[in-house]
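These notes concern the structure reproduced below.
The values are calculated or read from the model by the stated rules, or taken from the named source; none is laboratory data. Since the structure is predicted, the reported quantities are computational estimates derived from the model, not experimental observations. So basically every Cβ, Gly included, is an ideal-geometry build from the backbone, and we count neighbours across all protein chains shown. Just so you know, the surface numbers come from the protein's heavy atoms only, side chains and all, with ligands and any DNA or RNA stripped out. Shrake-Rupley method; radii C 1.70, N 1.55, O 1.52, S 1.80 Å.
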Amino acid sequence: MPQSVTDKALQSLTEWWSDMGVDVADPMPGTRQAPGAARVTPPMAAPAAPAAPAPAPTGTTPSRRRPGRPRPLEDWIEDARRLSAAATDMASLKTAIEGFEGSPLKSLCEKTVVCDGVVGAPVMVIGEGPGAEEDRQGLPFVGPAGQLLDKMLGAIGLDRTTNVFITNVNYWRPPGNLNPDPDELAVCRPFLDRMVDLGAPKLILAMGGVAAKSLLDTRTGIMRLRGQEAVFQTPAGTTAPLIPLFHPAYLLRRPQDKSRSWRDLLLARARLDALGVAT
Ligand code: URA
């Protein structure tokens with residue numbers, strides 16, 4: 001039997017709560033427990049987070065820029081602006097991004113990863129950039145972090161097949177999954193701004209510090225950005241409320257922060273309700 005939207009949301013919510021350490025087992029076989037009635041058990045001691053890689057000493061980070069690159073960054077950004085402005089719909093914008101040669105990352109990866117989901121959806125999820133699996137498939141958030149993202153969205157009635165559009169602040173996988181650098185983000189930005197103009201989302205969810213800091217043009221980290229709403233504005237004047245969330249890859253490494261993430265998701269859900277966005 002096909003699952004209703006409510007059933008799907010309940011299933012995602014249940015999986016999400018169970019991932020968080022909330023005991024949501026059926027009290028009686030054959031009955032469904034209301035989320036509010038879930039018994040909360042103390043989460044298991046969280047596994048120690050893996051040690052962060054030591055930062056490279058200043059000045060020694062290998063450059064991903066091609067030696068002797070003939071054009072200055074500003075020219076590439078200007079190209080990106082011109083191509084974006086000429087794109088009149090999401091399909092032509094995607095084609096323009098795929099044909100763009102201004103990111104030094106492009107020659108180092110397999111695929112250009114542009115977007116997934118529903119064009120014109122009320123919610124736009126914006127992540128950091130493709131990882132290994134995304135680079136293989138050419139779609140955003142399809143690896144382990146993407147699976148957790150789908151559960152997070154499902155828990156608040158969102159789904160990339162019905163009401164969510166997904167993209168990233170960078171379209172090409174950096175080698176070794178390093179963070180994209182400011183120049184790499186700068187050449188993508190006109191495309192992303194145009195995506196927001198064309199998609200006109202009612203709410204943007206920024207996944208993780210790299211995306212949130214880049215979108216809000218701030219140095220403030222995700223720990224301080226999360227839990228409150230900001231406003232995103234494109235140069236063309238499109239605005240949308242933006243809620244920064246922990247990145248699902250971070251939550252996979254630090255499951256003890258899922259309860260904070262759950263509060264942020266509820267904030268997003270409340271905002272959607274206030275905007276009249278149904279599940
Ligand atoms: N992480 C991201 O931020 N985006 C993806 O598309 C995949 C993983």
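Annotations
- Approximate spin-label separation V118-A278, in nm, with each point projected 7 Å along Cα-to-Cβ: 1.1 nm
- Taking every protein chain into account, the accessible area of the range 92-172 amounts to 31 square angstrom per residue (probe 1.4 Å).
- The mean of 1/r over all distinct Cα pairs in the range 141-279, once inverted, gives the Kirkwood hydrodynamic radius of 15.5 Å.
- Cβ-placed point charges (K, R +1; D, E -1), dipole of the range 237-279 about Cα centre in debye, nearest 20: 200 debye
- Taking only the Cα atoms of the range 96-223, the ratio Rg/Rh comes out at 0.93, with Rh defined as the Kirkwood radius.
- With every protein chain in place, the range 123-240: carbon and sulfur % of accessible area (1.4 Å): 47 percent
- Using the Cβ-Cβ distance between L108 and A132 with R0 = 22 Å, the FRET efficiency computed as 1/(1 + (r/R0)^6) comes to roughly 0.95.
- Virtual spin-label span in nm between M223 and E101, 7 Å along Cα→Cβ: 4.4 nm
- For K202, a cut-off of 22 angstrom between C-alpha atoms picks up these lysines, skipping any fewer than 8 places away in its own chain: K94, K151, K213.
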